[in-house]
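All of the numbers you see were taken from the coordinates with simple rules; none came from a lab. Since the structure is predicted, the reported quantities are computational estimates derived from the model, not experimental observations. Note: ideal-geometry Cβ built from the backbone for every residue, glycine included; neighbour counts use all protein chains shown.
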């Protein structure tokens, strides 16, 4: 299972995650920060659990590119 | 003609804001949420803080400027409007803008606009152009004072007026960090860390040690300083008379990322310097004392920037600060007894001795520095309090549980 987490409040809205993983991330038009699609919010940590391993590579690229290191991707 | 100069202080958090207010700033600038040049979350206010910032500043009649000066993408447009709307509601004085979308939105909302240093204004025609939208403009940090003076004289001569109908006011940076590139145009951090300085996420990799190697031959160039890209910090206090003579109206202090005691010290020195200029008592002896004070807080060594037009290439000789003093965390505030005016602290590290200079910082307290003349340690009159002890010290200001206690010690600077 792939687990992706986004610590949303620290996002600076640079748009890199959307460029690299457009199927998982969108920029919010409301507050200009990144949104991890289909994720559940737990005290500001947005987590997406997926059995579809195809999202792993793109999400990892996004995590590596994130300038404020708020994306994590795990394969468990 | 001597102009009254406005002293503008940086505020990265409530501690620094209070330190700026307590030490005589005429105005403060600060970022809210992500769209400013210090976007990293730890040194920023949130939208909900706007009212409180405005309230505290209004009490002291201090002007408030919201920085909204990164490059703006389509997905930011809505938050830009929200920020401006909230700033307007909170009676913030002006918005410091770079992107035309921000300038347009602010004007539409009836907010006063200041032009950010990110626009890099270097000539009078650009001043004329932005005078259609803005009353105050920061000039490029890379101009000389002679060039600044020519611009301010021309504003007067051509009667260049902003939307308010008053002559355009020129602002320059007076103290703090300088960039190795033309300010605001650097993409080094983006190329190396994907972290754009122009979105407020500068990694400051220019501040590190570098070697230069010829890839073809493998020869390493011999350099007498490995910090080849890290300029020293700007300091203008030793030629503030010339700065004033250039006709500027606002002197801006850099440092939203710096500590509250830095803001307190720098604002205090420049406040005194500006006041002494106005009184006509500004002199070399005072300058020496101010310089000694400024050297105590974070700095990379000082130089005159580009203002005096000579001595280019003043590179810093180390990655961190050259400050002559540093702070050690001792403990936190426990109680305050207003009638007796006594503050109680719990010591969690190091020790505290009578004669030590202490620093107390907190979101409401700001940054206060005093010498310990008397104290009680666990209710006994002792000269020294150790880790685990509770100490009480007479104070002429209130302390709070959120306050931190530090001791100021000498910092050995590597030569």
Using Cβ counts within 10 Å as a stand-in for footprinting exposure, how do B:302, B:30, B:173 rank, fewest first? B:302, B:173, B:30
Could you give the nm distance between label points at residue B:241 and residue B:373, where each point is 7 Å from its Cα heading toward the beta carbon? 3.6
Which residue, B:133, B:45, B:219, has the most motion in a Gaussian network model of chain B that connects Cα atoms within less than 10 Å? B:219
Calculated FRET value between residue B:60 and residue B:159, using beta carbons and R₀ = 45 Å, to 0.05: 0.85
Chain B, Gaussian network, Cα under 10 Å: of B:111, B:334, B:221, the residue fluctuating most is B:221
Shielding score for B:367-376, defined as the mean number of other chain Cβ atoms within 10 Å: 0
Averaging 1/r across every pair of distinct alpha carbons in the protein assembly as shown and inverting yields a Kirkwood hydrodynamic radius, in angstrom, of 24.6
Give the relative contact order (percent, whole number) for chain B; include only Cα pairs under 8 Å separated by 6+ residues. 17
The protein assembly as shown - share of DSSP beta bridges that are antiparallel (%, nearest 5): 65
The distance between the Cα centres of region B:272-315 and region A:8-46, in whole Å, is 45
Taking just the C-alpha trace of chain B, give me its Rg and Dmax in Å. 22.6, 75
So for chain B: antiparallel DSSP bridges make up what percent, rounded to the nearest 5? 55
Relative compactness, region B:325-410, computed as alpha-carbon Rg over 2.2 N^0.38 Å: 0.95
Averaged over the residues of A:26-35, the number of partner chain Cβ atoms within 10 Å of each residue's own Cβ comes to 5
Mind sorting A:38, B:322 by how few other Cβ atoms lie within 10 Å of their own Cβ, fewest first? A:38, B:322
Across peptide B:69-76, what mean number of C-beta atoms from other chains lies inside 10 Å of a residue's C-beta? 4
Please identify, among B:128, B:384, B:346, the residue showing maximal mean-square fluctuation in a Gaussian network model of chain B using a 10 angstrom Cα cutoff. B:384
Arranged by the count of other C-beta atoms within 10 angstrom, fewest first, what order do B:29, B:187 take? B:187, B:29
